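Working notes for the structure below.
The values are calculated or read from the model by the stated rules, or taken from the named source; none is laboratory data. For clarity, every value in this text was computed on a predicted model and none was experimentally measured. Cβ coordinates were reconstructed from backbone atoms using ideal geometry, including for glycine residues, and neighbour counts include every protein chain displayed. Only protein heavy atoms, including side chains, enter the accessible area calculation; ligands, DNA and RNA are left aside. Shrake-Rupley method; radii C 1.70, N 1.55, O 1.52, S 1.80 Å.
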Amino acid sequence: QVQFVESGGGLVQPGGSLRLSCATSGSIFNAYTMAWYRQAPGKQRDIVATLTRGGSTNYVESVKGRFTISRDNAKNVVYPQMNSLNPEDTAVYYCKARGLGAPWGQGTQVTVSS
């Protein structure tokens, strides 16, 4: 069964930083574009960033310049580094392989509050 395991969330003050992690199997990690999503309270789940197998990245406008997504090929882990966080970034963050019909992971909660 394909699994995505997210971690690294927490409570951070506005302007702070967090680095999340997403681990999955090597076969998935090496075959698919990996993507991060987030779901704020009462809202739908939206894509935030993508990272292709070749290392190309794409970000939604609201996180450009603040979020950086990278990967560790040896560990099969994807890391979004999130800087200059603001309350609007509060959400549960998920990762998934794009185009793969696998279950969502449990996500990791990010709360930005003073």
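Would you call K96 among the basic types (K, R) and more than 12 Å from the chain's Cα centre (by Cα)?
no
Would you please name the residue that is modelled with the highest pLDDT, looking only at residues in the range 72-83 that are open to solvent by less than 50 Å² (accessible area, probe 1.4 Å) and farther than 13 Å from Y93 by Cβ?
Filtering the range 72-83 for residues that are open to solvent by less than 50 Å² (accessible area, probe 1.4 Å) and farther than 13 Å from Y93 by Cβ, the one modelled with the highest pLDDT comes out as V77.
Residue pairs, Cβ under 6 Å, 6 or more apart or interchain, first in the range 99-113 and closer than 14 Å to Y37 by Cβ, second modelled with pLDDT under 90 and in a loop (DSSP other than H, G, I, E, B). List them.
A102/V2
Pairs please, first residue from the range 1-21 and under 14 Å from A91 (Cα atoms), second anywhere and acidic (D, E) and open to solvent by less than 30 Å² (accessible area, probe 1.4 Å), Cβ atoms under 7 Å, 6+ apart in sequence or on different chains.
L20/E6
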